[in-house]
1. Please count how many residues of the stretch 82-107 are open to solvent by less than 70 Å² (accessible area, probe 1.4 Å) and either assigned to a loop (DSSP other than H, G, I, E, B) or at pLDDT 95 or above (or both).
2. Return yes when Lys199 is of a type in the set (D, E, K, R), under 24 Å from the mean Cα position of the chain (by Cα) and at pLDDT 95 or above and no when it is not.
3. When only residues in the stretch 486-516 that are touching a helix residue (DSSP H, G or I) at 6+ places or on another chain (Cβ under 6 Å) and in contact (Cβ under 8 Å) with a residue 60 or more places away in the chain count, which is surrounded by the most Cβ atoms within 10 Å (Cβ to Cβ)?
4. Test Asp148 against the stated conditions and say whether it is among the acidic types (Asp, Glu) and either open to solvent by less than 10 Å² (accessible area, probe 1.4 Å) or in a loop (DSSP other than H, G, I, E, B) (or both).
5. Quick check: is even one residue across the stretch 264-274 open to solvent by 10 Å² or more (accessible area, probe 1.4 Å) and free of Cβ contacts under 8 Å to residues at least 40 places away in the same chain?
6. Going by what's in this entry, would Lys332 be described as closer than 30 Å to Asp410 by Cβ, open to solvent by 10 Å² or more (accessible area, probe 1.4 Å) and touching a residue at least 24 places away in the same chain (Cβ under 8 Å)?
7. From the list Ala433, Ala467, which residue is surrounded by 22 or more Cβ atoms within 10 Å (Cβ to Cβ) and modelled with pLDDT under 95?
8. I'd like the full set of residues that are part of a helix (DSSP H, G or I) and surrounded by 22 or more Cβ atoms within 10 Å (Cβ to Cβ), limited to the stretch 399-418.
Amino acid sequence: MAKHNNRATLQFLLRCFPHRSRNPPLLPSAGLSSRFISGFDEKNRLLQRNIVHGDRQLLSFFNPVRNFVETKQWGVGIQRKCYGSLAGLVQRNPRFSKFNDDDVRYFEGILGSKNVVQDEDRLVTSNTDWMHKYKGSSKLLLQPRTTDEVAQILKYCNSRCLAVVPQGGNTGLVGGSVPVFDEVIISLSSMNKIISFDKVSGILVCEAGCILENIISFLDNEGFIMPLDLGAKGSCQIGGNVSTNAGGLRLVRYGSLHGNILGVEAVLANGTVLDMLKTLRKDNTGYDLKHLFIGSEGSLGIVTKVSILTPPKLSAVNVAFLGCKDYNSCQKLLQEAKRKLGEILSAFEFLDSQSMNLVLNHLEGARNPIPTSLHNFYVLIETTGSDESSDKQKLEAFLLGSMENELISDGVLAQDINQASSFWLLREGIPEALMRAGAVYKYDLSIPLEHMYSLVEEMRSRLGSTANVVGYGHLGDSNLHLNVSTPHYDDKILSQIEPFVYEWTSKHRGSISAEHGIGLMKANKIYYSKSRETVQLMASIKNLMDPNHILNPYKVLPHSLTS
């Protein structure tokens, strides 16, 4: 055992640190550089991980190759067969008005005719979520350009009891950004200006319609980075990110948006503009109301501007892709990474062998960087620091120690930006691979780390050969993306998944929504994660701030409390 372990450690050493030997690295793909590069040159811009795998290409793949939604008119209700949740019968609220020609003329007077859209072809995209799973029937899309225009729209809609749905990049996965029925769509896409940036404090102020990737590029040129990084950054907008409290790949380093958003400007249902657009890190004057709008999915007000604390860009960036024999090794590796890498640890992602197989079989350009054998689990670790020499020493000591302690079976360290991007492709490309494989049931869960992968194993036992159960996600913050892949959608399979997946998560004191939000998909499931007293208080806040319930109806809260 000792000789075998020493031999494996030596192979790993040569593969990750070719500068230690005159011989070429054992992994052919590592031969892109003759020496180990601890930190990429700043011009490489490693942090923009879509260099190889652009998000626009990712989003463009999801075409309606199947009927994802079956819709039938049942009087004032719609029977929705939503393949990701048993949404059941959702009734249109009879209190809501339907817009007429007078309403259209009023909106045209505010916005101009070109920003009041009734064209059916243009409305198809805004009515349908990006997975083609939820489809509304709105006949009106409004495109305000200023906060004042948003305020005028909402004041009027509230007086007429016209329901509205705010919409950003429409990249959500739970039906939160599309109409359920004929709600008026308010698109924030035209509000896309960066208002100010303070290079001393790193505080950015921008409008809600700014695309996340554009903000990342702007900050990159200024020598800073966004504390938020998502696979959908090429299309998602910062207002939607804030409204859903998006998590992403850097949460283990920079925390959630509740900590990085310093202020917001939001418009209430009655048209009142709340100016909370502070750029202060300290402000203990009363209730911190901005937090009501972070994660409430546009159900309490429409976010129109945000101020964000952004960290400086650091030059020494490393990405390692590692193989582990079991989930317990992944947990121990995370524990050691937090202790040994500390402040330079910026991402800790994991995927199981089923995830890897899907990516290799269905994603063009993907290949296993450690192909000597298929491992049960894979871990991607990224470090970001300012001292190349010190970071390199830390990472070398951590990787070699982990190999000798048999926490790592094999691994490779990226030698340049292209190889680093190819590693990230394996992790970020899983959703696309799942869609290429057929039908997919997606669950975004937060579960205590020690129990997290047990759900995947139990789901496999439960479904047997009828489905391919895949587990991957942000191990650094206990976020599991559980996906069930099948050749086609099947109610029998869905009944095996739900409500079991929610009951299991609740039993282990987890959350049924880690970062994707509640939306329509989980509105009636919220009790699995929140007590009735807590949900009732949420409903009271909703009634206070939006008494007519016109803001994003049927979402977030149980329909029994909002109908």
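The values are calculated or read from the model by the stated rules, or taken from the named source; none is laboratory data. No experiment lies behind these values; they were computed from the predicted model shown. FYI the Cβ positions are ideal-geometry reconstructions off the backbone, even for glycines, and counts take in every protein chain you see. Just the protein is used for accessible areas: all its heavy atoms, side chains included, with ligands, DNA and RNA removed. Shrake-Rupley method; radii C 1.70, N 1.55, O 1.52, S 1.80 Å.
1. Of the residues in the stretch 82-107, 15 are open to solvent by less than 70 Å² (accessible area, probe 1.4 Å) and either assigned to a loop (DSSP other than H, G, I, E, B) or at pLDDT 95 or above (or both).
2. Details: of a type in the set (D, E, K, R): yes; under 24 Å from the mean Cα position of the chain (by Cα): no; at pLDDT 95 or above: yes.
So Lys199 does not fit the description; no.
3. Among those that are touching a helix residue (DSSP H, G or I) at 6+ places or on another chain (Cβ under 6 Å) and in contact (Cβ under 8 Å) with a residue 60 or more places away in the chain, it is Ile512.
4. On the way: among the acidic types (Asp, Glu): yes; either open to solvent by less than 10 Å² (accessible area, probe 1.4 Å) or in a loop (DSSP other than H, G, I, E, B) (or both): no.
For Asp148, the condition - among the acidic types (Asp, Glu) and either open to solvent by less than 10 Å² (accessible area, probe 1.4 Å) or in a loop (DSSP other than H, G, I, E, B) (or both) - is not met.
5. The initial filter retains those residues of the stretch 264-274 that are open to solvent by 10 Å² or more (accessible area, probe 1.4 Å), namely 265, 268, 270-274.
Pick out the ones that are also free of Cβ contacts under 8 Å to residues at least 40 places away in the same chain and you get 274.
Checking the stretch 264-274: at least one residue is open to solvent by 10 Å² or more (accessible area, probe 1.4 Å) and free of Cβ contacts under 8 Å to residues at least 40 places away in the same chain.
6. Numbers: closer than 30 Å to Asp410 by Cβ: yes; open to solvent by 10 Å² or more (accessible area, probe 1.4 Å): yes; touching a residue at least 24 places away in the same chain (Cβ under 8 Å): yes.
Judged against the criteria, Lys332 is a match.
7. Details: Ala467 fails: modelled with pLDDT under 95.
Going through Ala433, Ala467 in turn, just one is surrounded by 22 or more Cβ atoms within 10 Å (Cβ to Cβ) and modelled with pLDDT under 95: Ala433.
8. Scanning the stretch 399-418 gives Leu399, Ser402, Met403, Ile417.
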